[in-house]
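As structure tokens, the structure follows; a few thoughts come after it.
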Amino acid sequence: MAKTIIKTAAVAGLAAVLAAGTATAATADPATPGALNAGERLFPGLGNGGYDARDYDVSLDYRPGVTTMDATVTMRAVATQSLSSFGLDSAVGEIRTVEVNGTAAKFVVQGEKLVVTPTRPVRKGMPFTVRIGYVADRAKSPASPTVKVPLPPDLAEAVGVWQNTPDGFAVMGQTDREHAVFPSDDVPGDPATYTLRITTPADVQGVGSGTLVGKHRAGDRVTSVFRVDRPTATDVVQLAAGHFTELDQVGPHGLPVRSYVTTAAKPAALDTARKTPEIIAWLEQRLGRPYPYASAGTLGVNRLYGGGLALETAAMPTYSALALEYPSEVSTMAHELTHEYFGDAVPVRHWDDMWLSEGHATFYQDLYDSEHGGQPFDEKAKSGYEQNNEILKQNGPVARQSSATGVMFGTDLGGKLTLYALRSLVGPATFDHIERTFFDEFQGRPAATQDYVAVAERVSGRDLGAFFHDWLYGSTTPAMPGHPDWKA
């Protein structure tokens, strides 16, 4: 008996020591709320702090005749601080349930922010899951800060996140509207992988970004499952439903190319979509790197997408099928497919870095055009150079736009000219080496302007600080290297 008492006392003492250690650890790293923004200058309320999103699993249940869809999203993340609560960007119709690590959590919706308080703090460095049951409502398309003034209802719908079609829908999440589709950390600096599940009637096809990995039928309902296996920003994730003609092709190195074009389109739209493997082959040759996703394709939807825009949705850029009916849309396809490298596979760190995405896409689009019967590359650059001061006056410096609107429309020309000027300064061979090194080092993770500058300086062996400062942060267009006769 005495021996048992001594053993019990020893165990009790050890427990006290362990408890004291736990308390000390908790005191040293107290759980605090995660920030409810990510420090975006142009979108000050966007993004969240305290965690790194790694993967999203999104499910939408589409039913014709109603705008609401039952939906779930599971976010897998890793805590970068000990969290007593944390936020997700959310502009969905209704939040029904929230679970953290399988346990119901308290939550509150504050504007476009979902604030979650788990029953137990999430400790720094620990992986955790958040499962949210919600309702997505395609009748609600809250305006982005990129829209400066209130728009008439028809125009607001034309550029809204929900691109409703006669037989379904598509999504336009750029720049900051994807969180109206699923709650998320909706900033480009927190890319993730995705599983996308779209459930539809059997006679309607579900389409998503990435590679089709399965179809599951239950009665008269079919769930199509797509997978994006490379970390990608939220704003270029596509989910769609409708009646589509499927085009199955093979691209370079056996790359699967599966396109979906609305059945309402004319045959000419299918002919344009069939150019996808050819453009990818050109990009692979020009960039010296294989297409970065496991599959590719073209999505042509039955509406004037985004009021007449196209979007570099991951692994399958999205276009209006009406635009695809014109052979000239091949130029736009070269632009959007370039984004699969720069902007998608290499996301921008902040929206101030958008020139890295749009500048590259415009540069290689013009190069593609010049090699396929379009305006010569140098002539196109000179023409843009002459217009650039007006663009800078309207939108501000290339890497520091004066408003959120510039993120969508203000960096294409200035970004392209910056790359053209760099190529003129260091020579085509060194420029190509810079491009490939930058892509190799940052594919799968976000890159900032300074990251590109650092690569360019290291590869070229030159101090390029003043060069990039003048081109990216100046209010007027600098002199073009090698072209002293050009006038801005």
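Within the range 461-488, residues that are under 15 Å from Q450 (Cβ atoms) reach partners that are part of a loop (DSSP other than H, G, I, E, B) and modelled with pLDDT of 95 or more with beta carbons closer than 7 Å, at six or more positions or on different chains, in the pairs W471/V398; W471/P478; L472/P397; L472/V398; L472/A399; Y473/P397; Y473/A399; Y473/R400. Here L255 passes the criteria (1) over 19 Å from the mean Cα position of the chain (by Cα); (2) within 30 Å of G49 (Cβ to Cβ) except the one numbered (2).
Kindly provide the set of residues from the range 282-304 that are small (G, A, S), surrounded by fewer than 23 Cβ atoms within 10 Å (Cβ to Cβ) and closer than 20 Å to Q365 by Cβ, ordered by number.
G288
Across the range 261-281, what is the number of residues that are over 18 Å from V330 (Cα atoms) and either buried (at least 22 other Cβ atoms within 10 Å of the Cβ) or not β-branched (V, I, T) (or both)?
Residues that pass the stated criteria total 1.
Could you look through the range 386-406, keep only residues that are touching a residue at least 60 places away in the same chain (Cβ under 8 Å) and not in a helix (DSSP H, G or I), and pick out the one that is surrounded by the fewest Cβ atoms within 10 Å (Cβ to Cβ)? The residue in question is S403. Kindly check whether there is at least one residue in the range 407-424 that is crowded, with 24+ Cβ neighbours inside 10 Å, under 17 Å from the mean Cα position of the chain (by Cα), assigned to a helix (DSSP H, G or I) and at pLDDT below 95. There is at least one residue in the range 407-424 that is crowded, with 24+ Cβ neighbours inside 10 Å, under 17 Å from the mean Cα position of the chain (by Cα), assigned to a helix (DSSP H, G or I) and at pLDDT below 95.
At least 3 residues being crowded, with 17+ Cβ neighbours inside 10 Å and modelled with pLDDT of 95 or more is the threshold, and among the strands (runs of 3 or more DSSP E) wholly inside the range 94-208 those reaching it are 94-100, 113-117, 127-137, 162-165, 168-171, 192-201, 205-208.
For the range 269-276, state whether one or more residues are of a type outside the set (G, A, S), under 22 Å from the mean Cα position of the chain (by Cα), over 30 Å from S144 (Cα atoms) and outside any loop (DSSP other than H, G, I, E, B). Looking for residues that are of a type outside the set (G, A, S), under 22 Å from the mean Cα position of the chain (by Cα), over 30 Å from S144 (Cα atoms) and outside any loop (DSSP other than H, G, I, E, B), one finds at least one in the range 269-276, hence yes. Quick check on the range 27-65: of everything there that is of a type in the set (S, T, Y) and surrounded by fewer than 17 Cβ atoms within 10 Å (Cβ to Cβ), which residue is nearest to P188 (Cα to Cα)? Selected residue: T32. Can you find a residue that is on the phi > 0 side of the Ramachandran plot and part of a helix (DSSP H, G or I) anywhere in the range 209-219? No: zero hits.
The values are calculated or read from the model by the stated rules, or taken from the named source; none is laboratory data. None of the values given here were measured: they were computed from a predicted structure. Don't worry about glycine lacking a Cβ; one is built from the backbone with ideal geometry, like all the others, and counts go over all protein chains shown.
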